[in-house]
1. How big is the charge dipole of the chain about its Cα centre, in debye rounded to the nearest 20, if each Lys and Arg gets +1 on its Cβ and each Asp and Glu gets -1 on its Cβ?
2. If we count every other residue with Cβ under 14 angstrom of Leu53's Cβ, Lys/Arg +1 and Asp/Glu -1, where does the sum land?
3. Enter the angle in degrees (range 0 to 90, nearest 10) between the Cα long axis of helix 138-150 and the first principal axis of the Cα atoms of the chain, meaning the one along which they spread out most.
4. Given R₀ = 41 Å, what would the calculated FRET efficiency be for Ser218 paired with Ser66, taking r from the Cβ atoms and rounding to 0.05?
5. Among residues other than Ala102 whose Cβ falls under 13 Å from its Cβ, what is the net charge (Lys/Arg +1, Asp/Glu -1)?
6. Please report the net charge: other residues with Cβ closer than 15 Å to the Cβ of Gln85, K and R +1, D and E -1.
7. For Lys118 and Asn8 in one chain, what is 0.36 nm times their gap in residues minus the Cα-Cα distance, to one decimal in nm?
8. Relative to the longest principal Cα axis of the chain, at what angle does helix 109-122 sit, 0 to 90 degrees, rounded to 10?
Amino acid sequence: MAILEVQNVSRRFGGLTAVSNVSFSVEKGEILGVIGPNGAGKTTLFSLISGFLPPNGGDVVFKGQSIVGQPPHRIAKRGLTRSFQVVQVFTDMTVLDAVTTAALLNHPMRAAIAKAEKVIDQVGLGHKALETPASLSLQDKKLLEVAKCVATEPELILLDEVMAGLTLAETQAPLKVIRDLRDAGMTFVMVEHVMPVIMSAADRMVVISFGQKVAEGSPAEIVADEKVREAYFGEEDLHD
Ligand SMILES: Nc1ncnc2c1ncn2[C@@H]1O[C@H](COP(=O)(O)OP(=O)(O)OP(=O)(O)O)[C@@H](O)[C@H]1O
Ligand SMILES: [Mg+2]
């Protein structure tokens, strides 16, 4: 059974239809990649799924129940969480504070701290727990974003460009964390522009262009799809 079903979801901003009648489903335990040009509607789609924006139409079904209209914290409590493309960093917090705050969704303070410590170790930031997020390298900031999601103990995580700005070598650590979590039963939907990363990480891909789903398939099928090349990449080679 699909853990998530996005059904004909649309969202308009004034005269602009940012997301137009998009449907897809996500199987439990898979990594679904979502790609598309800048402004295609990927982040808006994540906001619609996670309750940060209401859709103008359509439905979002998570674990068999519609979650449309529910606030983000209730959706997170049900097990669906997202990362933010634009990272907000509170300067007077440590890494441990930031992850503990996320863990407070499901635990009282003492247990939340213990949970946060465990997750920070899990993503490989154990030695940075008492540093401020602002002092972290970009790669570690990305790992912190993943840790904040994981600390809410979700079943499904939406990751919005968590690899952006990293070199291919630097993506290996966050990718391993994601794969290990998936092997432990977590499900991911990942928006990513770095093509080799998304191609190697994703089991299946959805392509969004001008708010619409233009293709869906395995990474190999997507690479070979002429429609995708035109809609998304223009003359670019997918392997670049
Ligand atoms: N709150 C908003 N109000 C008005 N327009 C918005 C709002 N959020 C997004 N848009 C517009 O909707 C469209 C889709 O934006 P969105 O951020 O979802 O794209 P994206 O695929 O995530 O792009 P990127 O790859 O650059 O992150 C864009 O034209 C954007 O300007
Ligand atoms: Mg975006």
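Bear in mind these aren't lab numbers, they're just calculated from the coordinates by the rules spelled out. The shown structure was predicted, so the numbers you read here are calculated from the model rather than taken from an experiment. Because the Cβ atoms are built from the backbone with ideal geometry, glycine has one as well, and the counts that use them run over all protein chains shown.
1. Value, rounded to 20: 980 debye.
2. Working: positive: Arg11, Arg12, Lys42, Arg82; negative: Asp160.
Every neighbour counted, the sum reads +3.
3. 90 degrees
4. Details: r = 29 Å, r/R0 = 0.71.
Using R0 = 41 Å, I get an efficiency of 0.90.
5. +1
6. Working: positive: Lys42, Arg82, Lys141, Lys142, Lys148; negative: Glu145, Asp160, Glu161, Glu192.
With Lys, Arg at +1 and Asp, Glu at -1, the net is +1.
7. 35.7 nm
8. Taking Cα atoms only, the helix is inclined about 60 degrees.
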